[in-house]
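Working notes, beginning with the structure itself.
FYI, it's all coordinate maths here, none of it is from the lab. As the structure is a prediction and not an experimental result, all values here were calculated from the model. Note that each Cβ is placed from the backbone with ideal geometry, even for glycine, and that neighbours are counted across all protein chains shown.
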Amino acid sequence: MKAMILAAGRGKRMMPLTASKPKPMLEVAGRPLIEHHLQRLRDAGIDEVVINLAWQGEAIKDYFGDGSAFGVTISYSQEPEGGLETAGGIIKALPLLCQDSDQFVVINGDVFTDYDCSSLTALQLGSDSPGECLAHIVLVENPEHNPDGDFALAHQPLNSNKYTFAGIGKYHRDFFGHHTAEFLKLGPMLAEGLNNHCVSTELYLGQWDDIGTPERLALINDKVGRI
């Protein structure tokens, strides 16, 4: 099974830090965010990774190369400079992700977390899963910048409290169905999947931070430095 790190976003809110580098190359504890993800994926037994590229994508390629120096094998999915949004980027990368398996893990490149991805490797989706779920997503408690959350837990009523999507999940290729590689957001697809009971959820209470602004990045580095 492979994993995908989403790294094609423009990172406008992080300017001027992203003027010459993509947001997932910003550093926490002295290492780019992507490097932290690669380590956690490798620790979970996932050593084949796809990274999508758009804005300043060459900076990622130049740093990580084929991944051998980081104990993984990296393939790259090139997108137009403006990117294809989250779902569009995943769909474009499906031929790379699904060479050996129809299931794969996806992580947003601009979050920092200690989530253990090994729990996702054991999870089965599609016809092998209870209820034939086609996707499983990780939710976290709502940060200050997203107080209303994104989705309720799958086993709760739709009017229940909502939590924030962590940008971590596992998907079966059938979840993306007939969609083609175009500018397409993932959020509405997940909402529809939850309504149709083909998306499962979990609530993670460990470390998770969204690197959304320069101020948040500085706070995270300060917090990590105190640990």
Q) Under the Kirkwood approximation applied to all pairs of distinct alpha-carbon atoms, what is the hydrodynamic radius of the chain in Å? A) 17.8
Q: Given a cut-off of 24 Å, name the pairs among 170/223; 23/170; 2/162; 2/61; 2/92; 2/185 whose C-alpha atoms lie farther apart than that in the structure shown.
A: 170/223; 2/162
(Q) Suppose each label sits 7 Å from its Cα in the direction of the beta carbon; what would the residue 62-residue 47 distance come out to in nanometres? (A) 2.9
Q) What percent does the relative contact order of the chain come to when contacts are Cα pairs within less than 8 Å and at least six residues apart? A) 24
Q | Backbone HN-Hα couplings from phi across segment 11-26 [Karplus 6.51/-1.76/1.60, Hz, Gly and Pro as x] | A | x, 4, 6, 8, 4, x, 5, 9, 5, 10, 8, x, 4, x, 8, 5
Q: May I ask you to sort 204, 163 by Cβ crowding, counting other Cβ atoms within 10 Å and putting the fewest first?
A: 204, 163
Q. Which of 60, 90 comes first, and how do the rest follow, when ranked by fewest Cβ neighbours within 10 Å?
A. 60, 90
(Q) So if each residue of separation counts as 0.36 nm, and I subtract the Cα-Cα distance between residue 196 and residue 119, what length gain in nm does that give? (A) 25.3 nm
Q) Between residue 2 and residues 5 or more places away or on another chain, which pairs have amide H atoms under 5 Å apart, with H built 1.01 Å from N, and which residues are they? A) 105
Q: List every residue whose amide H lies under 5 Å from the amide H of residue 150, counting only residues 5 or more places away in sequence or on a different chain, with H placed 1.01 Å from N in the peptide plane.
A: 163, 164, 165
Q: Kindly write out, for segment 179-191 in residue order, the coupling ³J(HN,Hα) from the Karplus curve 6.51 cos²θ - 1.76 cosθ + 1.60 (θ = phi - 60°), rounded to whole Hz, with x marking Gly and Pro.
A: 5, 10, 6, 9, 5, 8, 8, 7, x, x, 5, 5, 4
Q. Out of every Cα pair in segment 127-227, what percent are spaced more than 17 Å from each other?
A. 58
Q. In percent, how large is the relative contact order of segment 1-117, given Cα pairs closer than 8 Å and 6 or more residues apart?
A. 40
**Q.** Label point distance in nm, residue 156-residue 207, each placed 7 Å from Cα along Cα→Cβ
**A.** 2.6
